[in-house]
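**Student:** Dropping the structure in here first, questions after.
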Protein chains: 2
Amino acid sequence: MTEVTEPFRYRLLIGQLLKMPIAQASRREIVYRGDTRLTYPQFAARVHRFGGVLRDLGAGMGTRVAFMDWDSHRYLEAYFAVPMAGAVLMMVNIRLSPEQIAYTIDHSGAEILFVHADFLPVLAAIRERLPKLRQVVLIRDDDIAVPEGFAGEYETMLAATAPLDAFPEFDEDTLATTFYTTGTTGLPKGVMFTHRQLVLHTLMVLTGINMSGLNGGLSREDVYMPLTPMFHVHAWGFPYAATMLGMQQVYVGRFLPEVVLRLLVEERVTVSHCVPTIMHMILNAPAAKAIDLSRWRVVIGGSALPRPLCEQALARGIDIFAGYGMSETCPVMTLAQLRGDILDGLPDRAEAEIGYRMAAGLPGPLVEVRIVDEAMNDVPHDGKSVGEVVTRTPALTPGYAGNPEASAALWRGGWLHTGDIGTIDADGYLRIVDRVKDVIKTGGEWISSIGLEEILLTHPAVSEAAVVGVADERWGERPVAFVVLRAGMEADEAALRGHVQARADAGAISRYAVPDRVHLVETLDKTSVGKLDKKAMRARATGGAA
Amino acid sequence: MTEVTEPFRYRLLIGQLLKMPIAQASRREIVYRGDTRLTYPQFAARVHRFGGVLRDLGAGMGTRVAFMDWDSHRYLEAYFAVPMAGAVLMMVNIRLSPEQIAYTIDHSGAEILFVHADFLPVLAAIRERLPKLRQVVLIRDDDIAVPEGFAGEYETMLAATAPLDAFPEFDEDTLATTFYTTGTTGLPKGVMFTHRQLVLHTLMVLTGINMSGLNGGLSREDVYMPLTPMFHVHAWGFPYAATMLGMQQVYVGRFLPEVVLRLLVEERVTVSHCVPTIMHMILNAPAAKAIDLSRWRVVIGGSALPRPLCEQALARGIDIFAGYGMSETCPVMTLAQLRGDILDGLPDRAEAEIGYRMAAGLPGPLVEVRIVDEAMNDVPHDGKSVGEVVTRTPALTPGYAGNPEASAALWRGGWLHTGDIGTIDADGYLRIVDRVKDVIKTGGEWISSIGLEEILLTHPAVSEAAVVGVADERWGERPVAFVVLRAGMEADEAALRGHVQARADAGAISRYAVPDRVHLVETLDKTSVGKLDKKAMRARATGGAA
């Protein structure tokens, strides 16, 4: 006998996460903007009422329930009640264009929508493009009238319903959540996660963030305030972890820096996570100067943690460090954890720590990360060799909804492809250096376009720089640079190529990395949202070289 | 669509736990008695060689591989290599009688045995009772000759084999470990755990012990030294957690207090776990007086943490607290965690903390605990009402090997029955008050025999006390006490009953708890190992009452 028959099969369901704070009667609160304060028993009662509302609206197993709200206790209620009812929570990215919002809601198959009053104009504009939607519920903070055709208003319906005594039991591989990820090209793609995945992700996040002993940590004594939108990859999974621990939680509503700073102080927040832009905004807000931030711990994700921001935060006593993951990975893959077995005895430990805090970090428990070449061979873990980051964890999207081609590409070779290019050093630290589509493949090597841009920017005459790869018969691709000079400064192509050549001569980069051409231009091509438009530059470089 | 098809199914296998310290090249060591020091790459290489040895010995999926060793790096190698090979690790309780050892090895179906030289006399005495055993491997610390008929010696075979490149992949519900639990009556019973259960238990232990923020904690910066035998319920699961984190680990070999104290200091141990007797022995060893123990964290299990021991350890600066579980539960169910939401602002916080540290504690993540009456109705969580502790977690034995009757009783009503009687307070803290077989069921209430004994012991004339329940037509059972008086002291039955009655009058215990009879005796009935023999006393009480 090798496999066993169990008299009882414990299922990894999201509802299990809510049992602990209730059984242990946590005396902490779930706070919304400082006004609304729910005890955990109140929160649980509302989740059961939400279950009643979903039943009243005809939601059953697999029903897609879309949610459009700011970060709130209501969103946390949806994180639990919708999957616990066997339905699937569709988290609408409210920052997308109305066209994209319409596409994602319709594509998800959502039949029920909970929408905050602030998004009623968007909904009005797209309503006729949502034929599958049969019930809409208003969420409001102020006394807004319930529009005609709506099923009702959230608080009123919660109060009026017969609460669901017990949520159903089902298989742990049942879908729980879905949301859409947008790339620079193509339509948004729907990712999805199961109960098993989200429960395991919760344990992985908690185990991972408590692993270092030198930075990080998340316990019942912490006060948690997310500064990442809750529609964005389950706010990195932290709300599930915080709720399971029965922690004090603070939700800020619509993001306003002055509100965030006030709540940070008044609610004695100790743990947050956000993108670098938000951290920069908070640290540089006038009101931030007078505040003691030394008990604050902040995980930075979404994009790389820049050194100046890291140093500024450390100078304020903040335990700041990076994390890495993506929509497809639930998201947490790595955290930039400090390790005594590396740092102890280093001559300049403080400087070394900064480097580690800025890294994507170490894979968490049960997370396997490889960096591979195009044939899926591992590249060396020497901190220099680059490859595409591929991963296996227990919490990865099985694919993109209704998109078998993109799903197959995502899962090529049985590993999830992140589309990121990175290095891994001998101690296992992952560092992201580029996107696959931007890396320059030349002479059998992968050269980071971002790395070359950083080198060009160290030249005193350079204001802006972009590097793209252009097709080359002999080398596959060759780097070509576009440079905007600082006003009143001068430098010619030879000088700029020489600047990069000097770094290659010093062994810092490959000798294949020196750009064939450096075009001096007035402005760089950019997209409508201000990002470098490397597609346009590749076209221009090819035209120029032809 | 509600359930999804995954292009890749991540399996929760024990081998996954070993990947992290290797990928992250932990520079910590696995230390045996201070002599042998293995790096993690060395350890992993030995696990792969162990896999080769198992292949050479003909072990395949489901093969039972028994292990008899002191706590060692070899045992840790077996924790990984045997289940990773698809075989089942049978952990032999070396403290049982030779007859019981023979029974358990044979009953497990073990075909292969690894045995330390210290246990060769036992093996010689029982060898002929082990017909299924076809291969025996010697483990030795000194230069002992390999006995005739043995397959070889562990280190020699590790060195000679072709290491297994890759361990097989299989279903996460595959059996991984088995061992035997002994009650006061009947034959030892075999419990068993799967890969999925042990991986989840590892995450549950790490999440649980890091949850409080006021006590506990386990991180990469800790140095772990178990003081619970590794054959005893996976040393409470900590070796799996410590290995996954790539922690410094210290294994003491045969338990000798002076060796333990030396290693505690020399290896800078910060985390251990043990039964109260061991902690008492260590704290009261002469060499312990001069040692700084203030960085030590110790989880106490196996039996209740007595207040004097708790106070003595706290006075030395040790972070001591109880945990609760049993062989059938993998084992960790609860940890005695401190909570700021309860303690903050209490007038005598230090005193309150002692009470919480001595409790069985709070159920860990995904652990459901109920206290129920005989009809499986929940009793109130008021800290006073008692019921049998039943549980559901993702890491419970599916039953007892080859014993359907005992398995059915264990899982009566779909919940695992611990056989312990406890209370749960309004904050969710579990406290164990008795064993089911000793609790006195009278007038619809369950009275703790241990609680009554503690009350009798507060009488100045009482030296020893035991209380048993005897059958009663009207009340079901009624309590009867046996008391040994202190030399030279006097008290009659009326005085002793009055002593208990006073506590009932004060509301501390039920009025049904006052014993009908208090027998003054010269000595209490005890078993061969010195425990109270309540079976004998029940017989005596019934005879006396008849």
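The values are calculated or read from the model by the stated rules, or taken from the named source; none is laboratory data. Computed from a predicted model, the values in this text were never measured in an experiment. Cβ placement follows ideal geometry from the backbone for every residue including glycine, while neighbour counts extend to all protein chains displayed. With ligands, DNA and RNA removed, areas are computed over all heavy atoms of the protein, side chains included. Shrake-Rupley method; radii C 1.70, N 1.55, O 1.52, S 1.80 Å.
**Student:** Rounded to the nearest 0.05, what FRET efficiency is calculated for B:L346 and B:L314 with R0 set to 22 Å and r the Cβ-Cβ distance?
**Tutor:** Efficiency computed from Cβ-Cβ geometry: 0.85.
**Student:** Using a probe radius of 1.4 Å on heavy atoms only, what accessible surface per residue do you get for the range B:1-77? Whole Å² is fine.
**Tutor:** 35
**Student:** Sorted from shortest, what are the nm distances separating the label point of B:K531 from equivalent points in the other copies, each placed 7 Å from Cα along Cα to C-beta?
**Tutor:** Here B:K531 shows inter-copy label distances of 6.6 nm.
**Student:** Which entries of A:K19/A:K132; A:K189/A:K437; B:K132/B:K531; B:K132/B:K189; A:K384/A:K437 have Cα-Cα distances beyond 24 Å here? Please list the in-between numbers first.
**Tutor:** Numbers: A:K19/A:K132 34 Å; A:K189/A:K437 18 Å; B:K132/B:K531 35 Å; B:K132/B:K189 19 Å; A:K384/A:K437 19 Å.
Over 24 Å apart, Cα to Cα: A:K19/A:K132; B:K132/B:K531.
**Student:** If you don't mind, there's one more thing I want to ask. So which residues in the range A:220-241 end up with at least 40 square angstrom less accessible surface once the other protein chains are there, compared with the chain by itself, probe 1.4 angstrom?
**Tutor:** The answer is A:R220, A:E221 - residues whose exposure falls by at least 40 Å² when every protein chain is included.
**Student:** Net charge within 13 Å of A:L38 by Cβ-Cβ distance, Lys/Arg positive one each and Asp/Glu negative one each, not counting A:L38 itself?
**Tutor:** +3
**Student:** Given a 1.4 Å probe, how much area per residue of the range A:440-541 is accessible, in Å²?
**Tutor:** Per residue, the range A:440-541 has 53 Å² of solvent-accessible surface.
**Student:** Leaving out ligands, DNA and RNA, what percent of the accessible area of the protein assembly as shown is carbon and sulfur, probe 1.4 Å?
**Tutor:** Ligands and nucleic acids excluded, carbon and sulfur give 52 percent.
**Student:** Computed FRET efficiency, Cβ-Cβ of B:I22 and B:M61, R0 30 Å: what is it to the nearest 0.05?
**Tutor:** The value I calculate is 0.80.
**Student:** Hey, can you find the accessible area per residue of the range A:149-216 for me, probe 1.4 Å, expressed in square angstrom?
**Tutor:** Accessible surface, normalised per residue, equals 31 Å².
**Student:** Using a 7 Å offset from the Cα along the Cα-to-Cβ direction at both B:D171 and A:K526, what is the distance between the two label points in nm, to one decimal?
**Tutor:** 5.8
**Student:** Here's a follow-up. Compute the relative contact order of chain B as a whole-number percentage, counting only Cα pairs closer than 8 Å that sit 6 or more residues apart in sequence.
**Tutor:** That works out to 10 percent.
**Student:** Moving to a separate point now. What is the distance, in nm, between label points placed 7 Å from the Cα along the Cα-to-Cβ direction at B:K535 and at B:H519?
**Tutor:** Taking the simple label geometry, B:K535 and B:H519 are separated by 1.7 nm.
**Student:** Which one of A:G62, A:G361, A:L283 is farthest out on the positive end of the charge dipole of chain A, using unit charges on Cβ (Lys, Arg +1; Asp, Glu -1) and the Cα centre as origin?
**Tutor:** A:G62
**Student:** So, one more: When the dipole is taken about the Cα centre of the protein assembly as shown, and only Lys, Arg (+1) and Asp, Glu (-1) are charged at their Cβ, what size is it in debye, to the nearest 20? Don't jump to the answer; show the numbers that get you there.
**Tutor:** Working: 106 positive and 130 negative charges, 6 e Å.
Taking the Cα centre of the protein assembly as shown as origin, the dipole is about 20 debye.
**Student:** Also, quick follow-up: Net charge around B:V191, counting only other residues with Cβ within less than 14 Å of its Cβ (Lys, Arg = +1; Asp, Glu = -1)?
**Tutor:** 0
**Student:** A follow-up question, please. Amide H of B:R517 versus every other amide H placed in the peptide plane: which residues, excluding those fewer than 5 positions away on the same chain, fall under 5 Å?
**Tutor:** B:A481
**Student:** A follow-up question, please. With charges only on Cβ, +1 for K and R and -1 for D and E, what is the dipole size of chain A about its Cα centre, in debye, rounded to 20?
**Tutor:** Details: 53 positive and 65 negative charges, 95 e Å.
Dipole magnitude for chain A comes out near 460 debye.
**Student:** Can you list, shortest first and in nm, the gaps between the label point of A:G444 and those of its counterparts in the other copies, using a point 7 Å from Cα in the C-beta direction?
**Tutor:** 8.6
**Student:** At 0.36 nm per residue, minus the direct Cα-Cα distance, what do B:F8 and B:S463 gain on full extension? Give it in nm, one decimal, please.
**Tutor:** 157.3 nm
**Student:** Place +1 on the Cβ of every Lys and Arg and -1 on the Cβ of every Asp and Glu in chain A, take the dipole about the Cα centre, and give the residue among A:G51, A:Y400, A:Y251 whose Cα lies farthest towards its positive end.
**Tutor:** Going by the Cα projections, it comes out as A:G51.
**Student:** Tabulate in residue order the Karplus-calculated ³J(HN,Hα) for the range B:257-273, using 6.51 cos²θ - 1.76 cosθ + 1.60 with θ = phi - 60°, rounded to whole Hz; enter x for Gly and Pro.
**Tutor:** x, 5, 5, 4, 5, 4, 5, 3, 7, 5, 9, 6, 5, 10, 9, 9, 8
**Student:** Here is a further query. Suppose only helical runs count, i.e. DSSP H with n ≥ 4. What mean residue ellipticity at 222 nm does that imply for chain A under -39500 (n - 2.57) per run, divided by all residues and rounded to the nearest 500 deg cm²/dmol?
**Tutor:** Calculated from helices alone, the mean residue ellipticity at 222 nm is -9000 deg cm²/dmol.
**Student:** Going 7 Å from Cα along the Cα-Cβ axis for the label, what nanometre distances separate B:R517 from the same residue across the other copies?
**Tutor:** Values, ascending and in nm: 10.8.
**Student:** Between chains B and A, what is the buried accessible area summed over both chains (1.4 Å probe, protein heavy atoms, nearest 100 Å²)?
**Tutor:** Counting both chains, the buried surface is close to 5900 Å².
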